[in-house]
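Visitor: Structure provided below as structure tokens; questions to follow.
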Amino acid sequence: MILFAAAIMMAFGASAQMSLVKDLAKKATSGNPQALFEVMEQIEPAFTNPESANDVLTWYTAGKAAFGIYDTMFGAKSLGQPVDDNMMSAALGAAFDYYQKALTLDTIVEMDKNGMPKLNKDGSKKVKTKYSKEIVGALTSHMGDIANAGNIFLQANDWQGAADAFGKYADIASSAFAIKNGVAAPDSILSEVRFYQGYAQYQVQDFENAYYSLDKARKLGYTDNNIVDFQTSALANMVQGMLDKNEYDKANNFIDNALKGDPNNATLHDIKGFTVELKDGVDAALPFYRKATETDPTYANAFFDVGRCLYLQAQKIIDDNPNATNKELVPKLKPIYDAAIPYLEKAIELNTNPNDNKAKNVLDDILYKFEVMGVKR
């Protein structure tokens, strides 16, 4: 009896929630600003109720109220009246979120006169949409508004706001319905928007999303503003996060996928070497560092990494043979040091940071060891 009573209460709660949504749906069409704000306040519980959360009417109603609030405030601002810009932008962002959610739920099963679902020839249920046309119209007609909001956020260094707004614009402006309605943005605009979306995500250290946004920008043809450096740096930070958690295989797989799409990126080869080195040591990492120098002969860090790994190989020989004399060590060490020196000298030549002396320090130590062992270059 307790379980039965609980089931009745749950059913009643769901029914009451949908009844409230239907009432709010009527209020959302009133155009009254106060009524629209009341809709936004009162509909929130319906977002988490199991029944109402999966009903298109819930999200359609919320989106309609949010767009109504934005349009009312925008109209007032256009007439020179004072408005809360933050509230206006928040309403616009929420409207996009709600309507995009509503689009995914807007499928209504067609019923016959006996109350049974109509079927397609393949036996599937026939469905139709109820709100999609209106939703698509609102989303596409407000694309410029959300893009402008992104620019405002960007100028104010509100990175998260900019990232969210630019993402919404790009998603809608490249959507199938935007293409169908002839309002899709050209690649030249989409690529720039995706860049600034990724740039904003990078600023809040959302490196994974930044990487993918910048990747989309590059695939659309964007080449400005050091995009390759930003994307590579985002990837490096992502990989570092994985390595900090000892997720070596995950990091390696991610870098390998990145290299498939960008095989001429020397930094990626260098990052691959670093990842391999942490798990498998310098011997396994050296081929990747060498590949980085071959891919970009001006990339100083790769030359240093090759020289450093060779130096470490020699150091291991010293450590493994604590009782060996200089005479015994020279034949083993000199070929390795001879191979390392050109890479370290190249790294020093290419280095543009006057405070970065790591390559010089390693080279000086090799030359000191030569002197101690009585070896001439």
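The values are calculated or read from the model by the stated rules, or taken from the named source; none is laboratory data. Small disclaimer: the values here were computed from a predicted structure and weren't measured. As a convention, Cβ positions derive from the backbone with ideal geometry for all residues, glycine included, and neighbour counts pool all protein chains shown.
Visitor: State whether the residues of the range 151-168 include one that is part of a helix (DSSP H, G or I), under 22 Å from residue 61 (Cα atoms) and more than 16 Å from the chain's Cα centre (by Cα).
Guide: no
The rows are residues; the columns are (1) more than 27 Å from residue 153 (Cβ to Cβ); (2) β-branched (Val, Ile, Thr); (3) out of contact with any Pro (no Cβ under 7 Å at 6 or more places or on another chain); (4) part of a helix (DSSP H, G or I).
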site	(1), (2), (3), (4)
22	yes, no, yes, yes
34	yes, no, yes, yes
73	no, no, yes, yes
81	no, no, yes, no
89	no, no, yes, yes
93	no, no, yes, yes
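Rundown of residues vs (1) part of a loop (DSSP other than H, G, I, E, B); (2) on the phi > 0 side of the Ramachandran plot; (3) modelled with pLDDT under 95, yes/no style:
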| position | (1), (2), (3) |
| --- | --- |
| 190 | no, no, no |
| 199 | no, no, no |
| 202 | no, no, no |
| 205 | yes, yes, no |
| 210 | no, no, no |
| 213 | no, no, no |
| 217 | no, no, no |
| 235 | no, no, yes |
| 240 | no, no, yes |
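Visitor: I'd like the full set of residues that are within 16 Å of residue 54 (Cβ to Cβ) and either of a type in the set (Ser, Thr, Tyr) or assigned to a loop (DSSP other than H, G, I, E, B) (or both), limited to the range 100-128.
Guide: 104, 106, 107
Condition check ((1) in contact (Cβ under 8 Å) with a residue 24 or more places away in the chain; (2) within 23 Å of residue 43 (Cβ to Cβ)) across all residues:
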| position | (1), (2) |
| --- | --- |
| 70 | yes, yes |
| 82 | no, no |
| 118 | no, no |
| 124 | no, no |
| 140 | yes, no |
| 146 | yes, yes |
| 170 | yes, no |
| 183 | yes, no |
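Visitor: So which residues in the range 309-358 are surrounded by fewer than 19 Cβ atoms within 10 Å (Cβ to Cβ), small (Gly, Ala, Ser) and part of a helix (DSSP H, G or I)?
Guide: 339
Visitor: Anything in the range 252-293 that is in a helix (DSSP H, G or I) and of a type in the set (Asp, Glu)? List them, or say none.
Guide: If the condition is that a residue be in a helix (DSSP H, G or I) and of a type in the set (Asp, Glu), then 256, 270, 277, 280, 283 are the ones that fit.
Visitor: Criterion first (of a type in the set (Gly, Ala, Ser), touching a Phe, Trp or Tyr at 6+ places or on another chain (Cβ under 8 Å) and under 22 Å from residue 253 (Cα atoms)) does residue 285 satisfy it?
Guide: So residue 285 passes the test.
Visitor: Could you list, in sequence order, the residues of the range 44-56 that are touching a Leu at 6+ places or on another chain (Cβ under 9 Å) and either modelled with pLDDT of 95 or more or part of a helix (DSSP H, G or I) (or both)? I'd like the intermediate steps shown before the answer.
Guide: At the first step, the residues of the range 44-56 found to be touching a Leu at 6+ places or on another chain (Cβ under 9 Å) are 45-46, 52, 54-56.
Within the range 44-56, 45, 46, 52, 54, 56 qualify.
Visitor: Hey, another quick one. If only one of 98, 60, 70 is modelled with pLDDT of 95 or more and in contact with a Leu (Cβ under 6 Å, 6 or more places away or on another chain), which one is it?
Guide: 70
Visitor: Answer yes if at least one residue in the range 294-306 is loosely packed, with under 14 Cβ neighbours inside 10 Å, touching a residue at least 12 places away in the same chain (Cβ under 8 Å) and in a helix (DSSP H, G or I), and no otherwise.
Guide: The answer is no; no qualifying residue exists.
Visitor: OK, next. Out of the residues in the range 155-168 meeting the condition of being hydrophobic (A, V, I, L, M, F, W, C) and in contact (Cβ under 8 Å) with a residue 40 or more places away in the chain, tell me which one is surrounded by the fewest Cβ atoms within 10 Å (Cβ to Cβ).
Guide: Step by step, filter the range 155-168, then rank; the result is 159.
Visitor: Give the range 302-341 a look and list any residue that's over 48 Å from the mean Cα position of the chain (by Cα) and either under 13 Å from residue 282 (Cβ atoms) or hydrophobic (A, V, I, L, M, F, W, C) (or both), or say none.
Guide: 324, 329, 330
Visitor: Looking at the range 202-230, which of its residues are of a type in the set (S, T, N, Q), within 24 Å of residue 296 (Cβ to Cβ) and either crowded, with 19+ Cβ neighbours inside 10 Å or in contact with a Pro (Cβ under 8 Å, 6 or more places away or on another chain) (or both)?
Guide: Residues satisfying the conditions do not exist here.
Visitor: Hey, another quick one. So, residue 20, is that one of a type outside the set (D, E, K, R) and in contact with a Gly (Cβ under 6 Å, 6 or more places away or on another chain) or not? Give the steps one after another, and end with the answer.
Guide: Working: of a type outside the set (D, E, K, R): yes; in contact with a Gly (Cβ under 6 Å, 6 or more places away or on another chain): no.
Taking the combined requirement at face value, the residue does not satisfy it.
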